1. Looking at Arg42, Arg10 in this structure, which one is modelled with pLDDT under 80 and not aliphatic (A, V, I, L, M)?
Amino acid sequence: MTPHITHKLRGFEELQDPAEHWLAELAGRNLREVPARADLLRQGDCTGPMHILIQGWAIRYKTLEDGRRQILSMLIPGDLFDINGFMASSMDHSIA
């Protein structure tokens with residue numbers, strides 16, 4: 001379930017079996033499936049726990065004053081997001 005995140009982390013440091021087991025357990029908690037073109041997190045929402053994209057693609061974007069979206073980055077499986085939630089009380093961008 002976590003091959004993408006463990007693969008990415010191996011690029012920085014060799015992972016020991018307990019770390020891989022912990023990541024697999026963590027990634028298996030609170031799984032939710034979100035349909036295509038739906039927001040995972042919205043600009044202005046309260047920040048929450050860290051998220052890991054397990055499958056599919058997502059974008060990080062801001063809604064501009066005229067209603068257009070400015071794409072800030074692309075997320076692929078294994079990417080962590082909303083990890084800075086403890087630093088802000090609300091999201092300054094959306095994830096879809």
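The values are calculated or read from the model by the stated rules, or taken from the named source; none is laboratory data. Quick caveat: nothing in here was measured; it's all calculated off a predicted structure.
1. When all the criteria are applied, what remains is Arg10.
Here is a yes/no grid of residues against (1) modelled with pLDDT under 85; (2) part of a loop (DSSP other than H, G, I, E, B):
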residue	(1), (2)
Thr6	yes, no
Glu14	yes, yes
Ala24	yes, no
Ala36	no, yes
Ile54	yes, yes
Arg60	no, no
